[in-house]
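Okay, structure first, notes after.
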Amino acid sequence: MTDAAVVRARHADSAFVRACRGEPHDTVPVWFMRQAGRALPEYRAIRERHSFEEVVHTPELAAEVTLQPVRRYGTDAAILFSDIVTPAAALGIGVTIRPGVGPVVEEPFTTTADLARLRALEPEADLPFVLDTVSLLVEALDVPLIGFAGAPFTLASYLVEGGPSKSYSRTKALMYRDTMTWHRLLDKLAALTIASLRAQVERGASAVQLFDSWAGVLDPVDYDRHVRPHSARVLEELEDLGVPRIHFGVGTGELLGAMAAAGADVVGVDWRVPLDVGRARIPRGVGFQGNLEPAVCLGPWDQVAERARDVLERAAGAPDHVFNLGHGVMPETDPAVLERLVELVHREGRTDGERTGAPVPAAHGSVEGDEVPVVRAGEPRDAVAGARRAAEPELAARDVATDVGNGDDGGH
Ligand code: 1CP
């Protein structure tokens, strides 16, 4: 097992990790959500012979498809090939990935009794194939590996809906009608996510991304009340590992401040919000990632280049910007376009600007102008994190979350 200090040091000098920390570096780093997968002919060739689950459960194959986009595109980070429902599936709750659909849960969660189906995750015993993939990748990669997990809300949405949803009406109905069960469910999913992410980092992942992909279906009041305390717990319980924590959701323009306040080091911005506008909603001291519209990559190269330059201009050379798409690579994307996009970002993405962002809320009352605590390159983030925590409202929901603990009984 890797020593914690070694893990922290790994790739600490890479452009990606330095950008996540807002430390000086020359070139804007770039990677793509869903960079592995169907856009790549070499991925499709593997999928012709193996199911998605076989790939995820076979470390050599999972490592290979993780490496494919790094080799072809020259991205500055790799993202582990797995799925957000993999840890829940390992608990035996009956979830499979259906091709062309996504995760499907045979018996969706409907009542308090279903909580008993979520026992505590023991990563080394339950997810040895994922962790062995991480170990293989850490040996093979010259760039940082991003570990990831689904955030409690997005995981809950699959368990409660039984699969992808447009309205999330079952999920929201549980949230409003049986708030106690809701918080107990999210509490258990937070424990699952923490265990999975900690294990990935202990095996050598250099950063983590918490995907709350569908949180954008919530308004800010519901997000703060029903979701944020659980995501905040996940992010807080990873803090001691010392690796950057990225927090991302689709359609979360109105939630960017709340998602930063949950304790992220970097907040992902989807393509619907102009990057400078999104950036201004994230406190100074917290980095930002994004946000080229993924569908632009289906169009002619001149347009891709123009729009990528627009993203870079809006990021204004800030040292805490990580270039990405606003969501995942579309399967129809021509890989040659993504290859040129990486070249463009590396050639034209210079980090000669200042850290920007919204004033960080003060511990008590408002903060004016110069008193805003700004984290400078190389400084600890404690000042900002402290201010952020103090500014957070006390949420009754957090108490519920703490009271029910991480137990595996699911009984009460
Ligand atoms: O047929 C296939 O090959 C399966 C398609 C596929 C792939 C390639 C699925 C099913 N998952 C994955 C891999 C995957 N999933 C990765 C690693 C690949 C990479 O990023 O390079 C990651 C990080 C995920 C994470 C994931 N799965 C998320 C969060 C990211 C996001 O896109 O917001 C979500 C929401 C899922 C659920 C999921 N899994 C698969 C699909 C098609 C979906 C989405 C279903 C839906 O619309 O609800």
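If each residue's Cβ is checked for other Cβ atoms within 10 Å, how do D240, D224, D334 rank with the fewest at the top?
D240, D334, D224
Out of G162, G349, G249, any idea which swings most in a Gaussian network model of the chain, alpha carbons joined below 10 Å?
Per the Cα network of the chain with a 10 Å cutoff, G162 tops the list.
Would you pull out the residues with amide H under 5 Å of D270's amide H, same chain only if 5 or more places away, H placed 1.01 Å from N?
Here the answer is G251, T252, since their amide H atoms fall under 5 Å of that of D270.
Measuring from label point to label point, each 7 Å out along Cα→Cβ, what is the R71 to D13 span in nm?
According to this spin-label approximation, the distance is 2.7 nm.
List the chymotrypsin sites (Phe, Trp or Tyr not before Pro) within region 4-93 that DSSP assigns to loop and that have no more than 10 neighbouring Cβ atoms inside 10 Å.
none
R0 = 22 Å: FRET efficiency of Y176 with E239, Cβ-based, nearest 0.05?
After rounding, the FRET efficiency stands at 0.10.
Compute the distance in nm between two label points, each set 7 Å from the Cα along the Cα-to-Cβ direction, one at R44 and one at D222.
Spacing of the two 7 Å Cα→Cβ label points: 3.8 nm.
Between rounded, prolate and oblate, where does region 69-141 land on the alpha carbon gyration tensor, with a ≥ b ≥ c its root eigenvalues, rounded for a/c under 1.5, else prolate if a/b exceeds b/c?
Because a/c hits 1.5 or more and a/b fails to exceed b/c, region 69-141 counts as oblate.
Any chance you could tell me what percent of the C-alpha pair distances in the chain go past 38 Å?
Value for the chain: 15 percent of Cα pairs lie more than 38 Å apart.
Amide H to amide H, which residues 5 or more places from I79 or on other chains are under 5 Å from it, using H placed in the peptide plane?
Residues meeting the amide H criterion: I146.
Considering only region 4-404, what is the antiparallel percent among its DSSP beta bridges, to the nearest 5?
20
Quick check on the chain: helices-only [θ] at 222 nm, where DSSP H runs of length 4 and up contribute -39,500 (n - 2.57) each and the sum goes over total residues. Nearest 500, please.
When only DSSP H runs of four or more count, the value is -12500 deg cm²/dmol.
Under a point spin-label approximation (7 Å from Cα along Cα-to-Cβ), what is the R98-R117 distance to one decimal in nm?
1.5
Excluding G162 itself, calculate the net charge of residues whose Cβ lies under 10 Å from the Cβ of G162, where each Lys or Arg counts +1 and each Asp or Glu counts -1.
Value of the local net charge: -2.
Report the trypsin sites (Lys or Arg not before Pro) located in region 114-190 that are in a DSSP loop and have at most 15 other Cβ atoms inside 10 Å of their Cβ, or state none.
K166
Please state the Cα pair-distance histogram of region 123-236 with 10 angstrom bins from zero: what percent is in each bin?
Reading upward from the zero bin: 14, 42, 27, 15, 2.
Which residues make up the longest stretch of the chain that has no GluC sites (Glu not before Pro) in a DSSP loop with at most 12 other Cβ atoms within 10 Å?
Looking at the chain, 107-331 is the longest stretch - no exposed GluC sites (Glu not before Pro) with at most 12 other Cβ atoms within 10 Å.
Region 172-279: percent of C-alpha pairs farther apart than 20 Å?
For region 172-279, the fraction of Cα-Cα distances above 20 Å is 40 percent.
Got a sec to turn the phi values of region 136-149 into Karplus ³J(HN,Hα) couplings, 6.51 cos²θ - 1.76 cosθ + 1.60 with θ = phi - 60°, whole Hz, x for Gly and Pro?
4, 5, 4, 5, 7, 8, 9, 10, x, 9, 9, x, 8, 7
I84: net charge of surrounding residues, Cβ under 12 Å, Lys/Arg +1, Asp/Glu -1, itself excluded?
Values: positive: R34; negative: D83, D212.
Result for the local shell: -1.
5 Å is the cut-off here: which amide hydrogens, built 1.01 Å from N in the peptide plane, fall below it relative to N291, excluding neighbours closer than 5 in sequence?
Those lying under 5 Å, H to H, from N291 are N324.
Throughout, read-outs are computed from the coordinates displayed, never taken from laboratory work. Bear in mind that the values here come from a model prediction, so they are computed numbers and not experimental data. Cβ: placed from backbone, ideal geometry, glycine included. Neighbour counts: every protein chain shown.
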